[in-house]
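Have a look at the structure below before the remarks.
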Amino acid sequence: MSERTALTLACTDDVHLAEVLDRAQLVDGSRVRDVRSSSPLAPSLAERVPTRIPRVPIFAILGGGLGGLAADLIASLTAQADPMITGHMPIVAAPPVGIITYEGIALGAVLATTLGVLIECRLPSSRRNSEVASRVARGELVVTLDVPANAADELSRLAEPITR
Amino acid sequence: MTNDLQERENRLVGRLSLDRFRPGLVVGAGLTGLVALVFFYAWGIQLRDGIGVAGINRPVFWGVYITTFVFWIGISHAGTLISAILRVTGAEWRRPVTRCAEAITLFALSVGGLFPILHMGRAWKVYFMLPIPNSRGLWPNFRSPLMWDAAAITAYIVGSFLYLSLPLIPDMAILRDRSKGWRRRVFGLFALGWQGSAQQWRSLESGIKVMAVVIIPLAVSVHTIVSWDFAMTQVPMWTSTIFGPYFVVGAIYSGIAMLMIAMALLRWGMDLGDYLSDKVFNNLGLLFCAMTLAWGYFTFAEHLTVWYANEVAEARVLWSRFTGKWAGPFWTMVIVNFVIPICVLPFRWGRKPLPTALVSLGVLVGMWLERFLIIVPSLELPRLAYTLGDYTPSSIELMVLIGSVGLFAFFYFAFTMNVPIISVWEVREGWEHENSHSGAAAAAAAPQTDARTPEPAGGGS
Amino acid sequence: MKRRTFLKTSALAAGASLLQSCAEDEQYLVQPLERQPGRPGVSRWLNSVCGQCQAGCGTRIRIVDGDARKIEGQPDHPINHGGLCALGQAGLQDHYNPDRVRTPLTRSGSRGSAGPLEELAWHDGLAQAARAIAAASPESLYVVSGGRSAYVDALLARLTQALGAAPPAIGQVPGAETERAALARILGPGRALPAYDIAAADYVLSIGPAFLDRGHQPVQGTWAMAQVRSATAGRRGKLVQAEARMSQTAAFADEWLPIRPGTEGVLARAIAGALAEGGLLREGSQAALYSQLFPAAAPSIEEAAATCDVPAPTIARLAAELGRADRPLVLAGGSAALTRNGEFSTLAALAINLLLAGFDREGGVSVSEPAAGYDFRDLGEIEAGARSGGTYVVVEADPVHTRPEGRGWREALSAAESVIVLGSFIDETALYADVLLPLHSDIERFGAVEASGIARPTVSLARSAVAPLYDTRHPGEIVLALGAALDQRDALPWDSFDAAAQAAFDARYDDGTGGAWSQALDGGAFQAERAEAVLPEKLAAFDGPEPPASTADGELTLVLFESAKYGDGRGANKPWLQELPDTMTTFMWSSWAEISVADSQTQGIRTGDLVEIRSAQGKITVPAAVRPGARPGTVAVPLGGGYTDYGRYAAERGENPLALVGAETVAGTTAAALVGTGVSLRRVGPGDPAIYGRGLRDAEQIPTGWASMAKGGDH
Amino acid sequence: MTRWGMVVDTDRCTGCEACVVACAEENNVQTVGEEEAKKGRAMHWLRIERAVEGTFPEVSVKFRPVMCQQCGEAPCEPVCPVYATYHTDEGLNAMVYSRCVGTRFCANNCPYTVRTFNWFDPEFPEPLDRQLNPDVSVRVDGVMEKCTFCVQRIKEGQRTAKGEDRDVEDGDIQPACASACAAQVFTFGDLEDPESKAAKLSKSPRARHLLADLGTLPGVIYLEDQEWNPGTDVS
């Protein structure tokens, strides 16, 4: 294993970024760590950046299940805690419990989805790099590459490197 | 090309101009804030003197308050539901619409959510309806449709807030990075440290998609449950199986109307014509037109079945609307909710900003009347027709109604002043999509495109 | 344990303080033990006598912590059998009325206005009243009583007799004077009232009296009709009501004959004729007496039908039904006695009972003798006489409000030497008082009422149920005190009202043992055997006038009536009664004018509109109640509205229809003719009366189909 | 089990409204005054309905006292979010004032419109307050109320019977309206007890429920020859 270095380059636009990525691909052992942008990457570019499949849907399903269960229990157990007859209905009436459960599922799901997004995005976060941020704000695409140290100089010529 | 995009983004952010003092918005917020004070003044009088200051009586126990509650909950279907449907179906023209629509939802819900509390005889006992352990050893009755309401509206208001907030994070980051001083710190706080990494984008988009899928059935359930406040009873012309979809359609209908008005005002007031373009109005107008037809269909079906069946108690209510004391409001509703829209919206000229905004104003009035006409005539004519009712809204009720409009508008002005009312990153993403879709062709025809596009060429570095 | 001790202690303390406050009044010192304050929070029921009208219903009062909480009828009381009417139920709002007069008052301003009034000590008040009476010449001393208790009136009669003045004038149920006069034409001179054994009848034809609305015995009448309808005789009895106005009685009746007002006598004569001609006379029929009374031939059914506006077949059928019934009964008087020819109408109706063998039998007519021992006169006799100056003593009566404007009470009292009023409220008569002596409420006072209009003489008795709230006195005690102050100890030798009442009671009913009084006092009532109505051998022909009751062309006939909730107006100061929807019109907090559908259409009047009613005497403006049951050509207005003063709940509500009535009397008597005044009607504009279920003003307001489209949107 | 019920014989009702006053007196029902009454806010727990049929001179009138029907399957109960109204095991449709938050949903869903609402605090000018029945709470503004079958009298009767070590006998308990009525229109009793007068009367061929089609199973049974609804048969 040779020495490796993290290289952060600012690309002006999609074409530029594609160029950088193409070149980096030719370098043996190089890896794209991340690309930062002020709007989502075009799909063709995004697939070249290694990312995990977000587990947000799993959060949503679990949250929905938990929320539904909680609502179901609240609706049915509280009714039995002090059983009071109202109208023609049984103490625990299926349709109302179902409706409350449904809303519980929805509430649980939206809360869990949000939680999932925050966890997957590692937010809130206090890590800041103002140089990167201002570049991204200017619309540039900041790519971080994990390359062997000897290839760093060559790649640096393709785009303006950002010092850390 | 990025430079071109960046230029366009700069222009959009400039139009949204969150860092400048904008007299229009400030005056608007100030005036509507004053109107909003009327709401709290009237409510204060009511809390001091008793609910009797409202015009409701026996047997018309519900009146303007519940009407307005249903009205605002209906309006709230503008945003979240429409934006979710458009997101799920991948309609590209949605991009400039979603934020201002979702804001309508949140504020309409906030205002509407006050009404169930406001209409209570003892509003200070509202906590009796919360499922919290208490010394009374008593829990709320989940068999009551009002508790379904409470559950649904709680879920919806939380969902809408989160659905509005998630896509706001990258925009907050954009604003953070573009501003200085205290603004930077404030925006930074709301940006939560967003960095725009590929993983974050992917997770966020996944979250938004999931949220959109969850929120559609939630929104449908909310207005269905609101309709069930009525449909669960034995009151003539309330107990109807089509009330769920009827109310949902009505809600979307009034929601689009409110959205149309908001969009028109934003377009004119903030010079956002490039984004809230004629195309957006046209597409939304088509949806609006479809909802007109759907609403007309449901209204017809609702009245036809009652007329044909001719059950005594229901027929009384029906004729009270058709020819009786409520004929004026009823036919006004038919005209502004159906006749006028159907004469305007099917035509391309009718789906321009001004015509749609005018039609929308009528629809808002008409939809308020629709709820009023569902509630009041039925209560005035109970089944055992001895204690017949006679309802005239009191000045307090009208003050609350007008004040609630002010409150909603105040929220909206304040939001527009402080938050990008158009989602910057989503619009930018849209531009990128356009570019990549027409990538090759555009490259080949570059000179022509340039010639035809009056936009200044990218500054580029 | 400690809590219990505490409760005991506080009970004792409360008891002690109450005893102390009663100490001045020896009446309370001799109370039996059970009447002393009960344990805190524990309720007791004590008997009392209702004084809201003259009927004398026995009541029982629920008392918790020294305060009266509820009035109910005494179960098994011979008059009301456990029931009580709305007015009686509201008696507690008489007792606890915030506008009650709490101390004696004297006037320092001019008469006829509310102020200024000054508080007075009882000693001074009684002295001032006694001085005024002493200063009056006997011929110009006018004593007026509301007739709530015969035993108080008897003391008044003794006082006037001793002073050499005319007997007290007693206010009575409208029509009573005429009913007495009519009965006297059959039974010979006397002051008895006809009394009816309704409960045992199986067929009741009521020509005039709205005996369930008010009248002599509304609660007993209601109880009796329940008996008639519960088929004691094996089948459900029938009630037919012949009355110009659709009263609650008419509404309750199985059949209502909306007769032209003033023609009741013609109907009665025609029915009598049909009975005789149809061979429907039964064993015991006094056909001979009848024909002596009315020697002329009875009008034919067809003639009567034309006069009375009742279909001829109906008249024939009524006669047949009366003839065939086991125990038929014809009631007379009421509204029929209030027209100009009221005596004829009442007599003609009463006399049908001769043909039905209805006198002195079960389910028939008997007599109700006035309480023995005192003489009295009708209020009309004072009004008919020439009055100038004079000293007035008014006891529980409000002639200024309850007598027609044309009877001149305002002028008379303004010009009086002196006016002494014994009452509980500043009503319209009290506005003229020089001295106002406040009275105990019904439940505070020793109750002794001799019922009138009931077949068996009945006396309701009860001790006071609660301690007085204010510095008030029993009217009987005041009369006794005035007697003492006027040196009339010989005529009024008693120390207390109950002693005086017992003396009067024993004189009439005691069998020598003295037990009847105390038994009645404990049990709530005493009932004697039925007084026999002995028919004479021969009757003099009726020579009274029979003027047809006609009004000028284009004029409507005014019908005044006592409503179930206001009575003669006494109920108007009770919020429960003001807010009680009148059953027939559902009006609240107001008086109203009942107008027929036909008359409303010619004038474009809708229920709730204000209408002006104008007569030769005056005019009033009241909201209209358009009623399908109102007779075209009549306007009916309830009494009891339009008080200028009678406390916060009564003042300035509705209008007093007596302002429309002049000095007309029932021919041959001094009684006021409250039915038959000619009036004109004019719509003034929309009004806003309180109407219960207010959407239900007119039935046609409920749209029911395309037809309503033609009529246009109705609001 | 007990099921309190009342049989109302409309044939005997003269419309005198003594029951209405008795009810207000027993249950501390406030009077609202003329202005509020105009708005349709009178609070009577019991009303006399009258229907006028026909046109002059063939006019006939019917009376009917209508109070809370104490439904066996009451539409008002399930809609209350806070259990302020619920069904007791004695068949009463109970109303708990302290729990009521004033949504008025129950009143809307009552097909008989017998529920009344306190729009303002009651006023009892001194000394009218001394009349108030200490066994019945005075309701504040914002609270729903209705006929309770004089539940305080039921409880009192049960306490008395228990104190005397016996069962409650038929006729022991009389609501205020029943004890006020001179015409004995009301018969109160246990419908589950086949020997009670009310139960026997309820088997009459004249027995009807108001709006029986709705299936609310009222505990108030009317004895009347035909069903009528003032809104349908007024000419």
Roughly what % of DSSP beta bridges within chain C run antiparallel, to the nearest 5?
55 percent
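So for chain B, Kirkwood radius off the Cα pairs, Stokes-Einstein at 25 °C and 0.890 mPa s: how many µm² s⁻¹?
Working: Rh = 23.8 Å.
Reported coefficient: 103 µm²/s.
Where Rh denotes the Kirkwood radius from the mean inverse Cα pair distance, what is Rg over Rh for the range B:27-99?
On the way: Rg = 18.5 Å, Rh = 15.6 Å.
On the Cα set of the range B:27-99, Rg over Rh gives 1.18.
What percent does the relative contact order of the range D:175-233 come to when contacts are Cα pairs within less than 8 Å and at least six residues apart?
Working: 51 pairs, mean separation 11.7, N = 59.
Here the relative contact order equals 20 percent.
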Roughly how tilted is helix C:218-229, in degrees to the nearest 10 and between 0 and 90, from the longest Cα axis of chain C?
50 degrees
Complex-versus-alone comparison for the range D:104-129, residues with a loss of 30 Å² or more in accessible area, probe 1.4 Å
D:ARG104, D:PHE105, D:ASN108, D:ASN109, D:PRO111, D:THR113, D:TRP119, D:PHE120, D:PRO125, D:GLU126, D:PRO127, D:LEU128
Do any trypsin sites (Lys or Arg not before Pro) in the range D:136-175 lie in a DSSP loop with no more than 14 other beta carbon atoms within 10 Å, and if so, which?
D:ARG166
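Give me the accessible area buried between chains B and D, both sides summed, with a 1.4 Å probe, in Å² rounded to the nearest 100. Before the final figure, lay out the partial values.
Working: alone 21080 and 12670 Å², together 29790 Å².
Looking at B and D, the buried total is near 4000 Å².
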Amide H contacts under 5 Å for C:ARG60, placed H, 5+ residues apart
C:SER48, C:GLU72, C:GLY73, C:GLN74
Please report the carbon-and-sulfur percent of the accessible area for the protein assembly as shown; probe 1.4 Å, protein heavy atoms only, DNA, RNA and ligands left out.
57 percent
Could you please state, rounded to a whole Å, how far the C-alpha centre of the range C:235-311 is from the C-alpha centre of the range B:1-80?
75 Å
Return a whole-number percent for the relative contact order of chain B, with Cα pairs under 8 Å and 6 or more residues apart as the contact set.
32 percent
The range A:1-103, convex hull of Cα, quarter of hull surface, nm² -> 12.1 nm²
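Quick one: what do you get for the range C:68-197 if you divide its Cα Rg by 2.2 N^0.38 Å? Can you show the working numbers first?
Details: Rg = 19.6 Å, N = 130, 2.2 N^0.38 = 14.0 Å.
Cα Rg divided by the expected 2.2 N^0.38 Å: 1.40.
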Would you mind pulling out the separation of the Cα centroids of the range C:173-191 and the range C:481-542, in Å?
21 Å
With viscosity set to 1.306 mPa s at 10 °C, what whole-number translational diffusion coefficient in µm²/s follows for the protein assembly as shown from Stokes-Einstein and a Kirkwood radius over Cα pairs?
42 µm²/s
Name the residues of the range A:43-84, by number, that are at least 50 Å² less accessible with every protein chain in place than in the isolated chain; the surface is that of heavy atoms, probe 1.4 Å, without ligands or nucleic acids.
A:THR51, A:PRO54, A:THR78, A:MET84
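What number in nm² do you get for the range B:1-154 if you take the convex hull of its Cα atoms and divide its surface by four?
Details: hull surface 58.3 nm².
Directional mean of the projected Cα hull area for the range B:1-154 stands at 14.6 nm².
Go through A:GLU47, C:GLU362 and list them by solvent-accessible area, largest first, probe radius 1.4 Å. Could you put the intermediate results ahead of the total?
Details: A:GLU47 145, C:GLU362 120 Å².
Final ranking, largest accessible area leading: A:GLU47, C:GLU362.
Compute, for the protein assembly as shown, the length of the dipole vector about the Cα centre, with Cβ point charges of +1 (Lys, Arg) and -1 (Asp, Glu) only. Units Debye, rounded to 20. Before the final figure, lay out each step's value.
Values: 138 positive and 167 negative charges, 1156 e Å.
So the magnitude is around 5560 debye.
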What 222 nm value per residue comes from the helices of the protein assembly as shown, counting each DSSP H run with n ≥ 4 as -39,500 (n - 2.57) and dividing by all residues, nearest 500 deg cm²/dmol?
-13500 deg cm²/dmol
Write down the radius of gyration of the range D:156-235 and its Dmax, each obtained from C-alpha positions, in Å.
15.6, 56
I'd like the distance between the alpha-carbon centres of the range B:286-312 and the range D:150-217, rounded to an integer number of Å.
48 Å
Which whole-number value in Å² is the accessible area per residue of the protein assembly as shown, probe 1.4 Å?
36 Å²
Relative contact order for the range C:438-568: what percent, with Cα pairs under 8 Å and sequence separation of 6 or more?
25 percent
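How big is Rg to Rh over the range B:114-210, alpha-carbon atoms, Rh as the Kirkwood inverse-mean-distance radius?
Reported Rg/Rh (Cα atoms, Kirkwood Rh): 1.19.
Please compute, for peptide B:209-216, the average count of beta-carbon atoms on other protein chains lying within 10 Å of each residue's beta-carbon.
Values: counts 5, 15, 7, 0, 4, 11, 4, 0.
Average neighbour count from other chains, rounded to a whole number: 6.
Averaging over every viewing direction, what projected area does the convex hull of the Cα atoms of chain D cover, in nm²? Don't jump to the answer; show the numbers that get you there.
On the way: hull surface 57.1 nm².
Over every viewing direction, the Cα hull of chain D projects on average to 14.3 nm².
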How big is the D-C contact in terms of buried accessible area, both chains counted, 1.4 Å probe, rounded to the nearest 100 Å²?
5200 Å²
What's the total accessible area buried between chains A and B, using a 1.4 Å probe, rounded to the nearest 100 Å²?
4900 Å²
As computed over the range C:225-274, the Cα convex hull volume per residue (Å³):
84 Å³
Report Rg/Rh for chain C, rounded to two decimals, where Rg is the Cα radius of gyration and Rh the Kirkwood radius.
0.97
Hey, what's the Cα Rg ratio for the range A:78-164 versus the globular rule of thumb, 2.2 N^0.38 Å?
2.30
In whole Å, largest first, what are the principal axis extents of the Cα atoms in the range C:146-241?
57, 26, 19
Taking H as built 1.01 Å from N, whose amide H comes closer than 5 Å to the amide H of A:ILE85, not counting residues under 5 places away?
D:HIS87
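The values are calculated or read from the model by the stated rules, or taken from the named source; none is laboratory data. Because the structure is predicted, anything quoted here is derived from the model rather than measured. Ideal geometry is used to build each Cβ from the backbone, glycine not excepted, and the neighbour counts take in all protein chains shown. When the accessible area is computed, the model is the full protein with side chains, heavy atoms only, and any ligands, DNA or RNA have been set aside. Shrake-Rupley method; radii C 1.70, N 1.55, O 1.52, S 1.80 Å.
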